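Below is one structure; the comments refer to it alone.
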Amino acid sequence: PFVPALEKDGELVLYEDWHTHFMQTRERASYFVAWLLKLAHQGVTLVNGPHAASVMQYKPFQLHALRSLGARVPRTLISNDPDAIRAFHAEVKDVIFKPIMGGAVTRVLDAEALEHLDAVTTSPVIFQERVRGDDLRVMLVGDEVVSCVAIETPEQHLDFRADPVYSGGNAAYREVPLPEPVKQFCRKAARACGLTFAGIDIKHHGDDYVFLELNSSPIYLDVEMKLGHPISRAIARAVVEGMRTAP
């Protein structure tokens, strides 16, 4: 669990009794994860199990897994060294940054951000080449690509999650056919990360497909309701088929 905070006068501040709240939340989460681990140990099909879900929090591992399979990923620097970050920016020019474990939207490494690089010396940050193109979200269940859509957002929103239209539930989606080699690569990536159900984020322009990351618990209901893609049905089928083949 994250350290609990609330917004006050435009800033995030900790609860007065944040440590007690944090420890209680951690204990509840730990019990729930232990219960899921017990089910997995007993042969119950989980989509996805806690092992896979916890591993997928760590974006550097995802980049390693994708690269090892031969995927094209953005040029990347993971660092807390301001000089190395400035050198990377000078070489790549158009750079974005995001946290290693998620929890915040992606931002542009602009002139203002470059002036505050001393703030990153305490912990590393992911810096990447900015890739232009459509934001594709691929939904994979088992070996089946159940859905692939382009999330329609204005160009000024680097991260579609920051678009108030998207966060307000009013996003528009466009179905995109995936070439079979890209589908095959999505299957390999999900298997390499131990995922039965995966939401795979790809930047697409022309014949170019750049893999960004995999999500073990992707939001999908909006796509299903608006386009009729049978994602819930595919997840249910994976659970039932897993029960049939369980020892």
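One line per residue, one yes/no per condition, for (1) surrounded by 15 or more Cβ atoms within 10 Å (Cβ to Cβ); (2) under 29 Å from residue 174 (Cα atoms); (3) without any contact (Cβ under 8 Å) to a residue 60 or more places away in the chain:
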| position | (1), (2), (3) |
| --- | --- |
| 54 | no, no, yes |
| 66 | yes, yes, no |
| 71 | yes, yes, no |
| 75 | no, yes, yes |
| 91 | no, no, yes |
| 111 | no, no, yes |
| 118 | no, no, yes |
| 135 | yes, yes, no |
| task | Within region 123-160, count every residue that is assigned to a loop (DSSP other than H, G, I, E, B) and not basic (Lys, Arg). | result | 13
| In region 85-117, which residues are of a type in the set (Phe, Trp, Tyr) and farther than 16 Å from residue 213 by Cα? | 88
| request: Identify the residue in region 166-186 that is among the hydroxyl-bearing types (Ser, Thr, Tyr) and out of contact with any strand residue (DSSP E or B) (no Cβ under 6 Å at 6 or more places or on another chain) and, among all such residues, is modelled with the lowest pLDDT. | output: 167
| said: So residue 143 ticks every box in (1) over 30 Å from residue 86 (Cβ atoms); (2) at pLDDT 95 or above but one. Which box is left unticked? | reply: (2)
| request: Please work out if residue 141 is of a type outside the set (S, T, N, Q), in contact (Cβ under 8 Å) with a residue 60 or more places away in the chain, touching a helix residue (DSSP H, G or I) at 6+ places or on another chain (Cβ under 6 Å) and surrounded by 14 or more Cβ atoms within 10 Å (Cβ to Cβ). | output: yes
| Which ones in region 220-247 are touching a Phe, Trp or Tyr at 6+ places or on another chain (Cβ under 7 Å), surrounded by 15 or more Cβ atoms within 10 Å (Cβ to Cβ) and over 22 Å from residue 55 (Cα atoms)? | 223, 231
| request: Would you check if residue 40 is assigned to a helix (DSSP H, G or I), modelled with pLDDT under 90 and within 16 Å of the chain's Cα centre (by Cα)? | output: no
| task | For region 212-225, indicate whether the set of residues that are more than 20 Å from the chain's Cα centre (by Cα) and not small (Gly, Ala, Ser) is non-empty. | result | yes
| remark: Note on residue 173: of the conditions (1) farther than 16 Å from residue 229 by Cβ; (2) over 16 Å from the mean Cα position of the chain (by Cα), unmet is (1)
| note | Counting only helices (runs of 4 or more DSSP H) entirely within region 45-122, those with at least 2 residues that are more than 26 Å from residue 195 (Cβ to Cβ), at pLDDT 95 or above and not assigned by TED's automatic domain parsing to the domain that holds residue 139 are 82-92
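The values are calculated or read from the model by the stated rules, or taken from the named source; none is laboratory data. Keep in mind that what you see is a predicted model, and the values were worked out from it rather than measured. Here Cβ is always computed from backbone atoms with ideal geometry, including for glycine, and neighbour counts include all displayed protein chains.
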